[in-house]
Structures are given as C-alpha cells and as structure tokens.
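Here is the structure we will look at, set down as structure tokens.
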Amino acid sequence: GDVDSGSLVIDAEQTQLLEQASAQAQPFSKHQAMVTPATRSDFGDFQVNAAMGLAQALQLNPRECAQQIMTRLRPKIADVMEEPEIAGPGFVNLRFKTDYLTATVAAMANDASGRLALPAVAQKQKIVVDFSSPNIAKEMHVGHLRSTIIGDTLCRVLEFVGHDVVRLNHVGDWGTQFGMLVEHLRDEFPEALQPSQNPVDLGDLVVLYKAAKKRFDEDDEFKVRAREGVVKLQAGQPEELAAWETLCAASRVEFEKIYRMLNIQGLQERGESFYNPYLKDVVDELKAKGMAVESDGATVIYIDGYTNRDGSPLPMIVQKSDGGFNYATTDLAAIRQRTLLLSDEGGEQADRVLYVTDAGQSQHFEMVFQAAKQAGFAPTHARLEHVPFGLVQGEDGKKFATRSGETVKLKDLLHEAVKRAGHDLRSRNAATANVAYLEQIDRIAHIVGIGAVKYADLSMNRESNYRFSYDRMLSLNGNTAPYMLYSYARICGIVRKGSGQADDAVLEWPSSADIVISHETELELMRNLVRLPDVIAEVERDLYPHKICDYLFETSQKFNQFYEHCSVNQAETPELKASRLTLCVATAGTLRLLLNLLGIEVVERL
Ligand code: ARG
C-alpha cells in the first residue's frame, strides 16, 4: 500500500483489509486508513487510525483491531520503529527508534551532494508544467508572477525527486487582439511591418495596447481594418506576420527581464500560436466523434455535469460563429501535443501535465480535461491537473494597485523589494568592517528581496487570496525568507566557529560524526529532520508548496530550541561537540535544499 512514511510498508493483505473496511465505513478515506503523522509529538511520530473504522465495519472491538494491526505491523517496522503502542479507543502510535534517527541524520549530514541522502524516484515520469504564460503586448501582472513563482517551485521539486520536467510558457500570442495591434502599428510604426529588419522600438507596450484599443472602440473604420487584419495575419500575410513578430519580440524582452530577476531557468516559450496549425483538426475530430455540435452558428461541445445556473447544459465553444478558434480549442490541441505525440514528432508524451493559473480558470480546465479524455486527445492514464491559486490583494484586502490606483508593474515591485532589503542590510551592518561582505551587499539584497517576494507567496496555501505586504515579507520574525536566510547564516556561523574556520573563507562542511544524545531537544530536532522525504513526497503528490515553508519554519524552530539548550562550541566533551556539529550540518543542509527548491539561494553571511 502507499504509505506516508518512506520507510513504512504495510503488506497487501493489510491494505486489502483496510480498503474493504474503508469501503464499508464511510466517510473513511483510504488515506486516513493508512499511516499519518502523529497529531502531537508526545504521541510519537506516526499513528494508524484505522482500527476505529475497521472495528465498526467488521463489528469488532476497536482495541482488538488495533492489537491486530500492531501484530501485523510489528515485524515490518522493527528496524525503524519502537514497539507500537495502543492509545485511547484504538490508535496505534509509532515512534522512531533512536538508532534509526541518529543513523539517518548522520547520513543526511554526510552527503556532500546536497541531496541529504535522498534517493531519486524509482518510477521516473515525464511531467509538463505549463506556467507563467503571460500575454503578448499586455502587462505581465501579479497573477503571472504567482504562476511563475509557484510553477518554478513545483518544477524544482519534481526535478529534484527525479522526474523529467518540461517547463512550458503558454504565452498568449494569438487571438483577435492582434488585428487592432497590427493596424495600429501600420499607422504609427510602419517599419514594424517590414520583415527581416532590426528590432523596432515600440516604446511602452501597455501604452501602445491602450492606444490601439481606444481606436478600436471609438473608430468604426479602424474596427473593420482590425478585423481584416486578424484574417490576414492568420493567413500568414508577410506584413501582418512581421508586425506580429515585432510585437512578440518586444514583449519577450520585457518578460525576460522579469525571468532574469526571478532566476527562472529552462522555461521554453511555446505560445498559443504554436498550436494554430492543429486547431482545425481538433474541431473536425470533435465533430467526427459526435462531440461537437452547431449552436447559434458556433461549434460547441457539451460535457456531462456542466450546466448553467438554470440547469441547461453549459456549452464550451470550440469554434466561434466567425470561424475563429479560441482559448479552449488551443488547450485541447495542446493536450494532444503534450500527452499523445511521440517525442520524435515534437511532442512530449507526458504522464502528468500541470497548469498553474488563477483559480478563476478552474472550470475551463475541468471542462477541457474531461473533453480531452472523452475525445481521446489524452490517454486515460495521463494525469491532467489544474494547480489553481488565489488573487493577490493589497494590504487592505482590496485590489492590488499603486497609491494612485494604477496597476503595479512587476519590474517596479521586484526592484522595490530589493531596494528595501538592501536598505535593511546596510543599516544593520553599518558597523561591519568585513570588506568581503560589504562588496557583496547588492547581491545579498537581491537574494533577500526577491526571496522575500517568493517566500511570501509560497508560504500561503496557494488557493487562498494573498495580501501583498513588503513589511511582512521582509520581516525578520515569522515564517519569512529573511528569517529563514538568517537561520541558515547563523548555523553557518556556528559551524564556522566550531570547526575553527576563518571568518572570511568559504565554509567547508565538516564530515559527520556519531550522534550522541544528551538532551531531549536533540531528539526533537532529529525527529523533525527525518521527515524531509515525506514533506517532499507530499508536495510532489499534492502540489502545495506551503508545506515546504511550514516544515522549514518548524525545522528552524526545532533548531533554535536545540541551540538554546545545547551549546555546540562549549559542549562538555569533544564527542558531544562533534555530534552537535553534525546536527548543525544536517539542519543547514535541509534549509539550503528546501530554500533552493523554492528558488531561493542561500548566503553564508547576512
Ligand atoms: N495566458 C493565460 C492568462 O494570462 C494563461 C495560460 C495558461 N495556460 C493554458 N494552457 N491555458 O491567463
């Protein structure tokens, strides 16, 4: 059975029994039947809660059930867990053996690769992650920022686990708005319509977009031209195509600036236009399969379970009455490309495809996924998952905007965070004479400022709306990037001193010593550290990055409690000192790995 802990395995018979029972005893999910982390650390590390449900389903005494579970479990977990204990009505409590903890943590500390002795996944999957996906000639807004940050983190986690990850930027580079933009360029920047010329400076694209939109709304003659412009563009006319390419190139320059600041790597642009040649096929196939029908001149599909408020079936348009295809058609074509086409045909054959967008698009994706499966555009085993997130709001919970009510430019937002972080660093280090540090202060301000923006976003349950606050994200207290970065740097300082390394040299991590336990807090820290693989596995499965932040925060708190009670550099014996240094190394490694998975670099001195 699939069990939460990397090291616990329940045999097939046990799993079957539990599944049978859970099928009978509703509400009782399969997951609950298995092993879960203990709700309180004095109960142990894990608990099996199955006995109560099992007892009800099988008409047995719950404690007797617990006894049976224990008997079956005992031989399988004997190397890792203490003798299980039954508590209350029939909980089975499991606690790590101290030997297991010390050996595991020493191995984590000893892995020079930075993987903390975590093995790569046995079953490698191909996973496409569709994220960031801003729109050409429009502002890349805070929603795209969230998508970029969350998507990048998920990619890093999945890749770390050992999967083959393809990062795709589904840029909005196609659609009717290009008609008005092209025609506006024809009047204002005629050189942009000449193919194979040097890049044309179009100025602020948002200003350009607004101007084109204004003409489109106010000038009927222009509107007609715009409509014809789209048709010509879609037919591949050279002038229109050149203008479109000019727009894409100009937007790309702006997007790249943001990606560079955020250190987003490996993101391939594969915009909506890429799927244009396949859209007609998609609709033809939907018609041939009897899924697509005419409705008011448009071609639509109906999907089981989706209705309007009044209960009538909700159509999903795949071809508009003017013959144009839309967002949904493009996504259907994209799914086929990603999950069905062989890689030598330019597709990915992905096992799993993730779409990181705002929660407002949930219904779109649900319908598209269902339609794709029904139409055979994706094999049944392919996992198509929408990864929704909430809105970014101002500190007051209202729309996120500048003081004068305008939309905030991402570039400005990121620069502001870096500026504030730099200001904090300089004022705190005003008396520092460490030249090496001072030389790096701009680089460090960048890490702290950008890290703060990322961490603030990632530490929230992504489905909730999130209130943007520079003060909160840059605070040294609480679950923030600066706090985590300081915790890391502090451990570096302790190790530096404990192992007698010079203050201005790059830290060398001492190799592991045997871990000796002298205080409860050492045990508590280790019980936390060995949970690392479970936390990563949970994010791999459920795609909630805040689980990483919660765990990071807990780890640093456990470390603080340990350090409060156990001096490293004044340890009573050399063995104890070496043991505690090993705990420091494992903790630092855990913080570093997880911050890196969040796209945040660490620094040894802050
Ligand atoms: N460009 C879209 C937007 O700005 C997001 C695209 C998401 N990906 C997709 N395959 N539909 O909202």
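The values are calculated or read from the model by the stated rules, or taken from the named source; none is laboratory data. Not measured: the values here are computed from a predicted model. Neighbour counts are summed over all protein chains in view; Cβ atoms, including those assigned to glycine, are modelled from backbone coordinates with ideal geometry.
Test residue 416 against the stated conditions and say whether it is modelled with pLDDT of 95 or more and part of a helix (DSSP H, G or I).
Numbers: modelled with pLDDT of 95 or more: yes; part of a helix (DSSP H, G or I): yes.
Spelling it out, residue 416 is indeed modelled with pLDDT of 95 or more and part of a helix (DSSP H, G or I).
Given the conditions (1) within 22 Å of the chain's Cα centre (by Cα); (2) near the ligand (Cβ under 10 Å from one of its atoms); (3) assigned to a helix (DSSP H, G or I), which single one is not true for residue 363?
Against the list (1) within 22 Å of the chain's Cα centre (by Cα); (2) near the ligand (Cβ under 10 Å from one of its atoms); (3) assigned to a helix (DSSP H, G or I), residue 363 comes up short only on (2).
Can you tell me how many residues within segment 92-147 are away from the ligand (no atom under 16 Å from the Cβ), under 21 Å from residue 269 (Cβ atoms) and either of a type in the set (Gly, Ala, Ser) or assigned to a loop (DSSP other than H, G, I, E, B) (or both)?
To start, the set of residues in segment 92-147 that are away from the ligand (no atom under 16 Å from the Cβ) comprises 92-126.
Narrowing further to those that are under 21 Å from residue 269 (Cβ atoms): 126.
Imposing the further condition that a residue be either of a type in the set (Gly, Ala, Ser) or assigned to a loop (DSSP other than H, G, I, E, B) (or both) reduces the set to none.
Of the residues in that region, 0 qualify.
For segment 81-100, name all the residues that are crowded, with 22+ Cβ neighbours inside 10 Å and farther than 29 Å from residue 56 by Cβ.
Scanning segment 81-100 gives a single hit, 96.
Going through segment 270-285 one residue at a time, which ones are assigned to a helix (DSSP H, G or I), crowded, with 19+ Cβ neighbours inside 10 Å and of a type in the set (Lys, Arg)?
none
Being touching a Cys at 6+ places or on another chain (Cβ under 9 Å) and in contact (Cβ under 8 Å) with a residue 12 or more places away in the chain is the requirement here; does residue 206 meet it? Steps first, please.
On the way: touching a Cys at 6+ places or on another chain (Cβ under 9 Å): no; in contact (Cβ under 8 Å) with a residue 12 or more places away in the chain: yes.
It is false that residue 206 is touching a Cys at 6+ places or on another chain (Cβ under 9 Å) and in contact (Cβ under 8 Å) with a residue 12 or more places away in the chain.
Going residue by residue through segment 369-381, is there one that turns out to be within 16 Å of the ligand (Cβ to nearest atom), within 20 Å of the chain's Cα centre (by Cα), of a type outside the set (D, E, K, R) and in a loop (DSSP other than H, G, I, E, B)?
no
Taking the options 212, 242, 249, name whichever one is outside the structural domain of residue 338 (by TED's automatic domain parsing), under 30 Å from residue 337 (Cβ atoms), in a helix (DSSP H, G or I) and touching a helix residue (DSSP H, G or I) at 6+ places or on another chain (Cβ under 6 Å).
242
If you check residue 512 against the conditions, is it part of a loop (DSSP other than H, G, I, E, B) and under 30 Å from residue 94 (Cβ atoms)?
Working: part of a loop (DSSP other than H, G, I, E, B): yes; under 30 Å from residue 94 (Cβ atoms): yes.
Taking the combined requirement at face value, the residue satisfies it.
Taking the criterion of being closer than 23 Å to residue 530 by Cβ, at pLDDT 80 or above and in a helix (DSSP H, G or I), would at least one residue in segment 30-42 satisfy it?
Yes, some residue in segment 30-42 is closer than 23 Å to residue 530 by Cβ, at pLDDT 80 or above and in a helix (DSSP H, G or I).
Quick check on my filter: what residues within segment 293-341 are of a type in the set (Ser, Thr, Tyr) and within 16 Å of the ligand (Cβ to nearest atom)? Working first, answer last.
Here is the first cut: in segment 293-341, the ones of a type in the set (Ser, Thr, Tyr) are 295, 299, 302, 306-307, 312, 321, 327, 329-330, 339.
327, 329, 330, 339 - these are the residues of segment 293-341 that are of a type in the set (Ser, Thr, Tyr) and within 16 Å of the ligand (Cβ to nearest atom).
Considering only segment 301-343, how many residues are of a type in the set (Lys, Arg) and under 24 Å from residue 385 (Cβ atoms)? Outline the logic, then answer.
The initial filter retains those residues of segment 301-343 that are of a type in the set (Lys, Arg), namely 309, 320, 336, 338.
Of the ones still in play, those that are also under 24 Å from residue 385 (Cβ atoms) are 336, 338.
Residues that pass the stated criteria total 2.
Could you pull out the residue among 358, 344, 351 that is among the charged types (D, E, K, R), more than 16 Å from the ligand (Cβ to nearest atom) and under 25 Å from the mean Cα position of the chain (by Cα)? Don't jump to the end; show me each part of the working.
Numbers: 358 fails: more than 16 Å from the ligand (Cβ to nearest atom); 344 fails: under 25 Å from the mean Cα position of the chain (by Cα).
Just one listed residue meets the conditions, 351.
Being touching a Lys or Arg at 6+ places or on another chain (Cβ under 7 Å), over 16 Å from residue 464 (Cα atoms) and either among the β-branched types (Val, Ile, Thr) or surrounded by 22 or more Cβ atoms within 10 Å (Cβ to Cβ) (or both) is the filter here; which residues of segment 137-164 pass it?
155
Can you tell me which residue among 103, 137, 112 is more than 16 Å from the chain's Cα centre (by Cα) and either closer than 18 Å to residue 541 by Cα or at pLDDT 95 or above (or both)? Reasoning before the result, please.
On the way: 137 fails: either closer than 18 Å to residue 541 by Cα or at pLDDT 95 or above (or both); 112 fails: either closer than 18 Å to residue 541 by Cα or at pLDDT 95 or above (or both).
Just a single option satisfies the conditions, and that option is 103.
So, restricting to helices (runs of 4 or more DSSP H) that lie completely within segment 529-606, which ones have at least 2 residues that are polar (S, T, N, Q) and farther than 15 Å from residue 481 by Cα? Before you say what the answer is, go through the steps one by one.
Values: elements: 532-542, 546-565, 574-597.
In segment 529-606, 546-565, 574-597 are the helices (runs of 4 or more DSSP H) which contain 2 or more residues that are polar (S, T, N, Q) and farther than 15 Å from residue 481 by Cα.
Can you tell me which residue within segment 148-167, out of those that are of a type in the set (A, V, I, L, M) and within 16 Å of residue 392 (Cβ to Cβ), is nearest to the ligand (Cβ to nearest atom)?
To start, the set of residues in segment 148-167 that are of a type in the set (A, V, I, L, M) comprises 149-150, 154, 157-158, 161, 165-166.
Those left that are additionally within 16 Å of residue 392 (Cβ to Cβ): 149-150.
Numbers: 149: 15, 150: 13 Å.
Checked segment 148-167; the qualifying residue nearest to the ligand (Cβ to nearest atom) is 150.
For the structure I just gave you, tell me whether residue 202 is within 16 Å of the ligand (Cβ to nearest atom) and either surrounded by 14 or more Cβ atoms within 10 Å (Cβ to Cβ) or at pLDDT 95 or above (or both).
Working: within 16 Å of the ligand (Cβ to nearest atom): no; either surrounded by 14 or more Cβ atoms within 10 Å (Cβ to Cβ) or at pLDDT 95 or above (or both): yes.
No; evaluated as a whole, the condition is false for this residue.
Considering only segment 168-178, I want to know if a residue exists there that is in contact with a Cys (Cβ under 9 Å, 6 or more places away or on another chain) and either surrounded by 21 or more Cβ atoms within 10 Å (Cβ to Cβ) or assigned to a helix (DSSP H, G or I) (or both). Please lay out each step first, then the result.
At the first step, the residues of segment 168-178 found to be in contact with a Cys (Cβ under 9 Å, 6 or more places away or on another chain) are 171, 173.
Narrowing further to those that are either surrounded by 21 or more Cβ atoms within 10 Å (Cβ to Cβ) or assigned to a helix (DSSP H, G or I) (or both): 171, 173.
Yes.
Could you check segment 556-590 and list, in sequence order, the residues that are buried (at least 23 other Cβ atoms within 10 Å of the Cβ) and either at positive phi or of a type outside the set (A, V, I, L, M, F, W, C) (or both)?
Hits for segment 556-590 are 579, 580, 582, 587, 589, 590.
Within the group 212, 288, which residue is surrounded by 16 or more Cβ atoms within 10 Å (Cβ to Cβ) and of a type in the set (Gly, Ala, Ser)?
Details: 288 fails: surrounded by 16 or more Cβ atoms within 10 Å (Cβ to Cβ).
Matching residue, one of 212, 288: 212.
Among (1) small (Gly, Ala, Ser); (2) surrounded by 23 or more Cβ atoms within 10 Å (Cβ to Cβ); (3) closer than 28 Å to residue 592 by Cβ, which single condition is residue 133 missing?
Looking at each condition in turn, residue 133 falls short on (3).
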